[in-house]
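Asker: Once you've had a glance at the structure underneath, I'll fire off some questions.
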Amino acid sequence: MRVLAAGVAGLLLITAVTAASAEGLREGQWEYRSTMQVPGMPALPRLPEGLQLPQTGPQGMSMTYRHCVSAADPVPRDPEGMRSCKTTRLDRQGNTLHWAATCTTPYGTAEAEGQAQYQGDRMEGRMQLRGRDGRGQPFAMTQQLSGRYLGPCPAP
């Protein structure tokens, strides 16, 4: 009897873990905040209120953007700023994404790798980008990502 009870308890635990993992990614409109940190980059002047260009602060440059997330397009990205990027690898395990992308820039190709973890209506992640700048010098940039679910995607 104890063996049967332990087996049933184990099965219920596996079912609960599987159900929690299946929740995973919530499709719809998400708002993301990206804070970029580039080692050695000089601080930029603060921009006027209401201007949607990246803002600077002690943590780095920050910008906010929205993206309509779907099972076919789950990577947190700025639809305007990432037009030249193509996702080359996407692995999804439950509510965690790992991806790689190649971006075409005026100075050559840049490589990006990122990960994000979605939990209900919140997301946290990190992306690293490596490439060459306008002087041909290598650069590395790290983006800390956070996101929040806003609701259904707007009608096209």
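The values are calculated or read from the model by the stated rules, or taken from the named source; none is laboratory data. Keep in mind that what you see is a predicted model, and the values were worked out from it rather than measured. We place every Cβ from the backbone using ideal geometry, glycine too, and count neighbours over all the protein chains shown. Accessible surface is based on the protein model in full, side chains and every heavy atom, while ligands, DNA and RNA are left aside. Shrake-Rupley method; radii C 1.70, N 1.55, O 1.52, S 1.80 Å.
Asker: Do the conditions hold for residue 100, that is, is it part of a strand (DSSP E or B), in contact with a Leu (Cβ under 7 Å, 6 or more places away or on another chain) and either open to solvent by less than 90 Å² (accessible area, probe 1.4 Å) or at positive phi (or both)?
Answerer: No: the conditions fail for residue 100.
Asker: Which of the residues spanning segment 118-137 are part of a loop (DSSP other than H, G, I, E, B), open to solvent by 40 Å² or more (accessible area, probe 1.4 Å) and of a type outside the set (Lys, Arg)?
Answerer: 121, 134, 137, listed by residue number.
Asker: From 140, 110, which residue is surrounded by 15 or more Cβ atoms within 10 Å (Cβ to Cβ), within 16 Å of residue 36 (Cβ to Cβ) and in contact (Cβ under 8 Å) with a residue 12 or more places away in the chain?
Answerer: 110
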